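Right, one structure below, let's go through it.
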């Protein structure tokens, strides 16, 4: 999880766009290829958040290879709706640069740096889809992730402000809404998957724990609950994000 993010307004605007159907659902070759590449990408994020350099090297290399395949197939001539996107080639190249940098950092055993570097690819891919009016389940995961990081990174500072408990309660309310969107926007296939429903339940419960602590005006419990948001989300993201 990166500590670079500080874009609550963008997170909220994306959440509103998703909830009001401003984006079209994906059904095109480029997005399909991006989704295929997203599996190795998620694993690369997961492994660079661990302690095993060999496992991180393997995961990042596989993610890089998956993206190279997409680049070879569509980089110069993307299919619709990306065919009118003048920034498409630059975005594909930007993600490739992310993998090159991340792999160098893994090779230097700088796994935390590699993890933060890889986070940028998530942002680039999300922007590519948003520019072209495409939405996938990953976008709902990204919206939740952005708000989660606002709370995890800045929660203590928020609590230290005047009416900090109220401010964080409002932020937690946004996170709760985004958690429910993960359920409502998931496919029927995901909803019938017991592992998915179990992992999603843990995410929703982690937010409920935070809200309960805030409603009880228990600052210590709120900080503890905020610190435990990452685990359930990471498990859901690694498998289904």
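The values are calculated or read from the model by the stated rules, or taken from the named source; none is laboratory data. Just so it is clear, the structure is predicted and the values come from calculations on it, not from any experiment. A quick note on method: Cβ atoms are made from the backbone with ideal geometry, for glycine too, and the neighbour counts reach across all protein chains shown.
What's the total number of residues in region 55-92 that are part of a helix (DSSP H, G or I), touching a helix residue (DSSP H, G or I) at 6+ places or on another chain (Cβ under 8 Å) and in contact (Cβ under 8 Å) with a residue 12 or more places away in the chain?
21
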Complete set of residues in region 224-237 that are in contact (Cβ under 8 Å) with a residue 12 or more places away in the chain and surrounded by fewer than 16 Cβ atoms within 10 Å (Cβ to Cβ): 227, 228, 231
Residue count, region 112-123 (criterion: farther than 25 Å from residue 171 by Cα and either surrounded by fewer than 22 Cβ atoms within 10 Å (Cβ to Cβ) or not assigned by TED's automatic domain parsing to the domain that holds residue 82 (or both)): 2
Those residues of region 102-121 which are over 18 Å from the mean Cα position of the chain (by Cα) and without any contact (Cβ under 8 Å) to a residue 24 or more places away in the chain, in sequence order: 104, 105, 108, 110
Unique match (being at negative phi, at pLDDT 95 or above and within 19 Å of the chain's Cα centre (by Cα)) among 64, 35: 64
Restricting region 125-147 to residues that are in contact with a helix residue (DSSP H, G or I) (Cβ under 9 Å, 6 or more places away or on another chain) and surrounded by fewer than 20 Cβ atoms within 10 Å (Cβ to Cβ), the residue that is nearest to residue 172 (Cα to Cα): 137
Qualifying residue in region 57-74 (condition: buried (at least 19 other Cβ atoms within 10 Å of the Cβ) and more than 22 Å from residue 114 (Cβ to Cβ)): yes
